Each structure stands twice: as structure tokens, then as C-alpha cells.
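Asks: Just dropping this structure here.
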């Protein structure tokens with residue numbers, strides 16, 4: 001039989017775990033929101049570089065169904081001879097920074113989350129296969145510790161800066177809004 005003290009401790013632990021879980025999920029949601037908002041600015045890069053209207057650029061953007069394909073298109077358009085050296089440099093710098101942030105975003109979009117109700121410890125388990133010559137591994141487990149939370153926060157901050165850079169490029173080079 002549980003004493004009232006045990007029930008209170010268990011309830012307090014459970015509430016602390018739920019609070020931590022909510023905070024992490026909110027942070028992951030913020031990462032996704034910031035990512036999606038920033039990735040959508042590639043529409044303006046496509047419009048400006050391909051010299052098409054925004055509506056056409058949206059169709060092109062939505063037809064390409066991966067971030068990698070969208071970034072590749074923007075980078076290839078930027079590398080064309082008709083693109084000014086200044087805008088090429090600015091755009092390639094921004095898309096490379098966006099690609100760097102994609103790794104962390106992809107990690108948190110392609111994993112399973114688990115939280116230990118007793119310790120409050122959070123874990124992620126990768127949903128990717130790692131294949132070597134002789135074996136297949138899957139489900140790499142990593143802890144959602146303070147260092148990892150800080151990585152997510154830094155990524156969000158970086159995405160906000162990239163977002164501002166894309167808007168600056170849009171304005172500076174008079175790309176369609």
C-alpha cells in the first residue's frame with residue numbers, strides 16, 4: 001500500500017516530467033516553425049534568380065518536394081553566369097548556412113521521443129538505418145540533455161538570422177515579394 005508521502009512524491013515527479021516534456025516539445029515546435037518559415041523564403045530567391053513572378057516561384061517551390069532539392073535549385077540558379085557576383089555570394093552563403101541547420105532539424109523530425117517518468121530523462125531514438133558492409137544498425141539513442149537543448153536553441157537563433165538574411169537579399173536585389 002502506498003503512503004500519502006509516496007503518492008505525493010510520485011505525483012510531483014510526474015508533474016516535473018510532464019513540464020520538461022512540454023518544454024522540449026515546445027522547443028522542437030519552435031525549431032520546426034522557424035525552419036518552415038525560413039525555408040519558405042527560398043520562394044523569393046527562386047523568383048528573383050529565375051526572373052519569374054512570386055506565384056510561379058511558389059509552384060516551382062512546392063513541386064520540389066525536399067528541402068535539399070529546393071536549396072539545390074536556388075544554388076544552381078545563383079551560380080549561373082547571369083547572376084551578379086555579389087548576389088551569388090550572398091545567396092550561397094545563406095543557403096549553405098540553411099543546409100547546416102537542416103541536420104539538426106532533420107534529426108528531431110525523424111526520431112521517436114521517450115521520457116522516463118521517474119528520472120525525467122528525455123531520449124531520442126533515430127528512425128534512420130545505418131548500413132555498413134556487413135550489418136544494419138538502426139535506432140541510435142541519444143539523450144536530450146542540457147547541451148542538446150542549447151544546440152536546439154542556438155539552431156533556432158541561427159535560423160532567425162538566416163531568415164533576416166533572406167529578407168535582406170530579397171530587398172537588396174529587388175526580388176519579388
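Asks: What angle do you read, to the nearest 10 degrees and between 0 and 90, between the alpha-carbon axis of helix 54-63 and the longest principal axis of the chain?
Replies: 50
Asks: In a GNM of the chain with a 10 Å cut-off on Cα contacts, which of 118, 72, 90 has the highest mean-square fluctuation?
Replies: 118
Asks: Also, quick follow-up: What are the extents of the Cα atoms of the chain along their three principal axes, in Å, largest first?
Replies: Principal-axis extents of the Cα atoms in the chain, largest first: 78, 44, 27 Å.
Asks: Out of 89, 44, 164, any idea which swings most in a Gaussian network model of the chain, alpha carbons joined below 10 Å?
Replies: Of 89, 44, 164, the Gaussian network model singles out 89 as fluctuating most.
Asks: Give the whole-number value, in cubic angstrom per residue, of the convex hull volume spanned by the C-alpha atoms of the range 116-177.
Replies: 172
Asks: Running a GNM on the chain with Cα contacts under 10 Å, which residue among 20, 137, 79 ends up with the highest mean-square fluctuation?
Replies: 137
Asks: Please give the helix 146-172 orientation as an angle from the longest Cα principal axis of the chain, in degrees from 0 to 90, rounded to the nearest 10.
Replies: Computed tilt is about 20 degrees.
Bear in mind that the values in this text are calculations on the coordinates, not laboratory data. Since we're looking at a predicted model, the values are computed, not measured.
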